[in-house]
Structure formats: C-alpha cells, structure tokens
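Single-structure report; data block below.
The values are calculated or read from the model by the stated rules, or taken from the named source; none is laboratory data. In this text the structure is predicted, and so the values were computed from the model without any measurement. We place every Cβ from the backbone using ideal geometry, glycine too, and count neighbours over all the protein chains shown. Side chains included, ligands, DNA and RNA excluded: accessible areas come from the protein's heavy atoms. Shrake-Rupley method; radii C 1.70, N 1.55, O 1.52, S 1.80 Å.
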Amino acid sequence: MLVAPAAQAAAPMVTAPAGVLSGMKQGNADIFLGVPFAAPPMGQARWQPSTPLASYPTPIRATTARKGCSASISADIGETVNEDCLYLNIYRPAGVDAHAHLPVTVFIHGGGNQTGTPASYDGTEFATRTHSIVVIPTYRLGVFGFLALGGKPGLPQGDLALSDIISALKWTHDNIAAFGGYATGMSLVGESAGAANICDVLTAPAAHGLVTQAIMQSGFCPDRPTRVVMEGIGAATAQAAGCAGPDPLPCMKRLPVPTLLAAWNTVWQQPTVRLKDGTSVSRPLFPITPSGSTLQPQPVDAAIRAGAVGSVPVLVGFNSDELRTFLAGYYPLSTDRYLTLLKQDYSGFAGDLQKEYPLSPGQDPVYTLAALRTDQMLICPALRGAAVLAGAMHVAVYEFADRTAPPFRSLAMKLPDAPGFDRGASHTAELLYLFGYKSVAGPLSPAQQALSARMMDMWATFGRSGTTAPWPAWTPQTSDVTVLALPADGGIRIERDMAARHRCGFWDRHPTIPNSLFP
C-alpha cells in the first residue's frame, strides 16, 4: 500500500505595517531572507540617503538570500557589482506569533566597510537557542557608502552607509512586532567595522532611541576622519575614475560599478590624502562616517561626553590574538626581518618596543609582531574607548580567548597558511560561536559548542535590565574583564590585569594608530 509523503510545513506568513511577507520553515526556525527595507540606491538614487520603506506594492516572498552590496573581492566572496542591495534577513523560533514580544538582536557585519555580506552569517541557532529574533541587514560599502564630495545640498557626505543602517533599524522598529518581536527591546551587535559603525548609530541624532543596548566585537569608537579628509579621498576617487572637474557627481553616476570600485581601491592603497588646501594627511585605516557630515555632525567622543548615547549599556570586546590572521603571510619570520620591520614602522621607539615585547626563545617572531600590533591597533584602543563610554553609561568588557577556534578564510587571508602557523584567537574567530559564520574550515568541538551556547546566552541577556548584568561592570578603576575560554584554558572567568597584560600603558604614550594592518 502506497503512503503519501508527509505534507510540508506551511510557510510562515506575516502581515506587517509594510505589507505581507512569507518566509520558510527550516528545522526549528522561521527564516525570512531578502526582506527589502529601503528602495534600491540605483540610477539617480545612487549616492542618495536611504529611508525605510513604508509599504510594499505587492506581497514579498522572502525565501531567497540577496547578494550583498557592491564590494571588491575578498576571501569570503568574489567581487560584487550589485547595487540593488538594501535587504535584511530575519531569523526567529518556529511558530512564533505576533504576540510573543521576543527580544530582537540586529547584527551589523564587518569587513572594513569595504567588503562583507549577510550571506556569510546564519542567525538560526542564536534565535532558536535564546528564543529571540535576529536581524542581519546589508549596508552600502566602500565608494557607495562612504563617498564624500562636498557640503553642498545633494552631494554625498560620506554618511550613506550610516543612513542605510539607520533605515534598517527604523524598518525593524516599525515592523518587527508582526514577527513576534519587541521593538523597544532592540540590541545592536556589530563586529570589526560593524562595531565601529555602532558608535555612529549610538551618537547620531537621527538614530536616537532606536537601540536599547549595544555590543561591539573587535571594534571600538575610533577617532573619525573629518569630512574634509573624506572629501579629499572623494576628489581623488573622482579623478581616478576620469571625472575631474568642479562637479564630478553626474559623471560618476554614469560609470559602471567595476570602474568605481577600481578608482576607490586605487586611492585607498595610497598612504596619504591630499586635501583641498594642498596639504597632505595620513589616510584613515578604513572608511568610516566622517564627523561633520549630516548624520554625524560632531566627533563621536564629543557626542558621547555630551550625553548623546543616554543610558544605553555597551559591551566592548576583543579577541586575544586579533591580528595573527593578517600577519600569517609573514610566517616564518626571521629575527633580522622582525627587527627591520620594527625600525621601519616604529622609528624612534623600536628599542623600547623590544623591551616591552621581548622575543620568546623557540617561538617565531611573527607571534610577537602580531601581539604588539594587536595591542596597539585593537585592544588598547578598545579599552580607551571603553573608558570614554564608561563616563556616560554602563559598560562591560570581554576578551575571547579560545586559541583553538576553527580556522577561517576571511578579509586579508587569500592564501593557505604556511604549515605550522597558529592563528590563535584571531579576528572574527568568535563569530562562529555566535552568528553562524560560514567562512570556516571545520565545526566546533563539543567543548567549543558548550562555550558557544554560553556565549549566546550571555549576549542575549546583556543589558536587558538596563545595566551590564550578567556581566560585571567595567570602569577604569575596577577594570573587570570577562575572559571567554574553554575549561582546559581556565574557562569563563574575570581578570583585572587586561590593560597591563596588553601593555596599554606603553601604547597610551604612543596612541597613534597606523593606517595599515601590515607593517
């Protein structure tokens, strides 16, 4: 007797203020992929600020992931020339109805504001384990998100990516209740450049009140370039694209995406930026919303001190070995070459550096180089940023320290590692433990799965009470840092010597951050 196959589960359907959306059921989760949150920034809308879509003309079938925004090639993904890109993905526990009032986490991906896509992540496990909703939006990158050409009306000011993130947050705020979310309980989480962008969201007047707690993974509140500096980059980009003249925007709007990407990349490979007055300044490390733009009228540190963030609790974190990933190409590194690099990049205090970071017998010098660059460029600036934030709101700090985390291919890593190289707890290593980072070479071990589950729980509960609970509060005086490690390496614990361990007193005396990850 033939038996009919079991009927497929009905596709989840949502009627939101913006319109009707259908998704798909996958295991214990409902997933909505490719949800439009703003109009496509194409044609004459290229380099125009985005605004959240108020309504859809027809129902949306949200079952297919969309390509990310235009970006140069990276190890995660090939070159993308897509401009119809302002979409977001939503993950929730299966069967949730509009009365569930689940907490909402919005994750902003990293990639140096030059690359990256939500397609590299999967919020299913976070949503189902923590019984919450995860939203992962796109935003314009590189030349399309950060081009600045002047202060005249209608000209881009370098804040278009920020307009996209704010549009995604506003769309989520207005519509997430229909998915079962609690709009006034929204966490904003970002990694790397995505974390740096969070600082702009927290301080931008246009985003006030959209976020109730924030988590910054391997990113911080750095000094922003002024709009004048970003305008220098914009003018050089226009010239490299063949659009010189007092008003290059109409010419640039006619150019194909690959031409614009190539021109932008040419400018960002230069160490300095020439300003309108003829002077030259150091190029920023990566593109970011400039201070003095429409959406970010003042420097973020000044805005924080002025109380722009209000009472939003902020979790700031970093990985123990952030820059090992980027410096793998130097392995193996001879002692002579190491000393040459120190003299080349740290003229004036290379000798002091050798005393602060003595080479370990039997260990390749590349690990010492990575340690000092990690401390200088990420960990100590993050702690300085935490000190600024702690003067205005509740702050907690963590260090991800699983040095056995699965290796991955990301950002600068385009070639296989040399045999024997140890990545440690490198940049992006924590992402697999939280948001299903797909650019990895292997699964988590049982012990790592347990750490992952604990981390998801801790992320989900951070700031929900309006404080840093369950994390210990961090201040420059108490400096309690939560270390996230496997039981074999001490487990999850509190340490207070983080600044000393990473020589932050030394780097506070040398606070300038290089504009390249590579010496």
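Here are some notes:
- When Rg and the Kirkwood Rh are both derived from Cα coordinates, the Rg/Rh ratio for the stretch 203-245 amounts to 1.19.
- Mean residue ellipticity (222 nm) of the chain, computed from DSSP H runs ≥ 4 via -39,500 (n - 2.57), nearest 500: -7500 deg cm²/dmol
- Its relative contact order, with pairs defined as Cα atoms under 8 Å and 6+ residues apart, puts the stretch 40-161 at 28 percent.
- Put simply, the convex hull of the Cα atoms in the stretch 313-509 casts, on average, a shadow of 11.8 nm².
- Summed residue charge, Cβ within 12 Å of SER70's Cβ, Lys/Arg positive, Asp/Glu negative: 0
- Across the chain, C-alpha contacts under 8 Å between residues 6 or more apart give a mean separation that, scaled by the residue count, equals a relative contact order of 14 percent.
- The trypsin sites (Lys or Arg not before Pro) of the stretch 474-503 meeting both criteria, a DSSP state outside H, G, I, E and B (loop) and at most 15 other C-beta atoms within 10 angstrom of the site's C-beta, are ARG496.
- With the convex hull constructed from alpha-carbon coordinates only, the chain shows a mean projected area of 26.8 nm² over all directions.
- Within the stretch 313-509, percent of DSSP bridges classed antiparallel, to nearest 5: 30
- Rel. contact order, % - alpha carbon contacts under 8 angstrom, at least six apart, the stretch 111-173: 25
- Only lysine pairs 8 or more places apart, or on different chains, with alpha-carbon atoms under 30 angstrom apart are counted in the chain, and they number 16.
- For the chain, no complete DSSP H run has alpha carbons reaching 30 Å or more along its own long axis together with a mean Kyte-Doolittle score of 1.6 or higher.
- Net charge of neighbours whose Cβ lies under 14 Å from the Cβ of LEU315, counting Lys and Arg as +1 and Asp and Glu as -1: -4
- Cα gyration tensor shape for the stretch 1-160, rounded if a/c is under 1.5, else prolate or oblate: prolate
- The chain, accessible surface, carbon-and-sulfur percent (1.4 angstrom probe): 56
- Based on protein heavy atoms only, the stretch 259-349 ends up with 44 Å² per residue of surface accessible to a 1.4 Å probe.
- Amide H contacts for THR105 (H built 1.01 Å from N in the peptide plane; partners 5 or more residues away or on another chain; cut-off under 5 Å): ILE133, VAL134, VAL135, SER187.
- P(r) for the stretch 227-282, from all Cα pairs and a bin width of 5 Å, is 4, 21, 31, 24, 14, 5, 0 %, short bins first.
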